[in-house]
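Encoded as structure tokens, the structure appears first; notes follow it.
Each value in this text was obtained by applying a stated rule to the coordinates, not by laboratory testing. Everything numeric in this text was worked out from a predicted model, so none of it was measured. Methodologically, a virtual Cβ is constructed for each residue, glycine included, from the backbone with ideal geometry; neighbour enumeration extends over all protein chains shown.
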Amino acid sequence: MALLEIENLHASVGGKEILKGITLALEPGEVHAIMGPNGTGKSTLSNVIAGREGYEVTKGNVWLDGKDVLAMAADARARAGIFLAFQYPVEIPGVTTSAFLKTALNAKRRAAGQPEIDAMELLKLVKAKTAVLGMPYDMIKRALNVGFSGGEKKRAEVLQMTMLEPIVAILDETDSGLDIDALKVVSEGVNSLRSPDRAFLVITHYQRLLDYIVPDHVHVMAGGKIVASGGKELALELEAEGYAKYLNAAA
């Protein structure tokens, strides 16, 4: 059974149909990349899966490890194991990164019937994770994303992802605006979590991210549909030739 199965998904925003029949299956251990120009529905797909408000699903199904995702509230989806790394992470003044991590981790542990983590256990875990990711430990004392550079915001998201260990992680253009060092941190965080029990959906404009996170499958999205699928070589073709022929086919 696929970890994430999307079946004929249609969705609208403000009455305008954006997704026009997406079908996709992420098997355990796989990394899928979705590429395509702006306005083709890539971010809409990630937001619909995560349960963001303002998106109306008009047809289709989404299943997470056999569970009906569309029947769940957004927070229930997160507790069930869906993680979304945003293109533009939001700032949360007054909430330290460590407090946010503890709250999120304990919500997931409660949902799984596990005991909550205490402050000392959390600090030990965070120290271990930040050391692996090459991140400054003091970052967790700062308000979440407040005053963070673009690279720091992405590092904070990778830390969240490695702490929460989701079943399915969705990276929505997480490479946007990153310098090469930050890109490597993001990639190393993703690669450290690759396992037979987890799947990734990586949404990107650029092939360069896929030099570091090597996908099993690459899909081209145009006009709200997946119009082509292939292996890593498809990403290289897109880098060299662009999207014109796929946009024409979707028109």
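Assorted remarks:
- Beta bridges assigned by DSSP with both partners in the chain are antiparallel in approximately 55 percent of cases.
- Overall dimensions of region 148-251 as given by Cα atoms, namely Rg and Dmax in Å: 14.5, 42
- Neighbour counts of other Cβ atoms within 10 Å put 96, 130, 44 in the fewest-to-most order 96, 130, 44.
- Comparing 221, 72, 161 in a Gaussian network model of the chain (Cα springs below 10 Å), the most mobile by mean-square fluctuation is 72.
- Local electrostatic count at residue 175 - Lys and Arg +1, Asp and Glu -1, tallied over other residues with Cβ under 14 Å: -2
- When the alpha carbon coordinates of region 1-150 are projected onto the principal axes, the ranges are 47, 35, 26 Å, largest first.
- A simple charge model with +1 on the Cβ of Lys and Arg, -1 on the Cβ of Asp and Glu and nothing else charged puts the dipole of region 200-244 at about 180 debye relative to its Cα centre.
- Computed over the alpha-carbon atoms, the chain gives an Rg to Rh ratio of 0.96, Rh here being the Kirkwood radius from the mean inverse distance.
- In this Cβ point-charge picture (+1 for Lys and Arg, -1 for Asp and Glu), the chain has a dipole of about 520 debye about its Cα centre.
- Considering only 209, 54, 1, the residue lying farthest towards the positive end of the dipole of the chain is 54, judged by Cα position with unit charges set on Cβ.
- Over the chain, DSSP H runs of length four or greater, each weighted -39,500 (n - 2.57), average out per residue to a 222 nm ellipticity of -11500 deg cm²/dmol.
- The loop-placed GluC sites (Glu not before Pro) in region 82-150, going by DSSP, that have at most 15 neighbouring Cβ atoms within 10 Å of their Cβ come out as 91, 116.
- Think of the chain as a dipole: +1 on every Lys or Arg Cβ, -1 on every Asp or Glu Cβ, centred on the Cα centre; then among 247, 32, 43, 43 lies furthest on the positive end.
- Chymotrypsin sites (Phe, Trp or Tyr not before Pro) restricted to DSSP loop in region 151-214 with at most 16 other C-beta within 10 Å: 206
- Positive end of the dipole of the chain (Cβ unit charges, origin at the Cα centre): among 72, 151, 15, the Cα lying farthest that way belongs to 72.
- Rel. contact order, % - alpha carbon contacts under 8 angstrom, at least six apart, the chain: 28 percent
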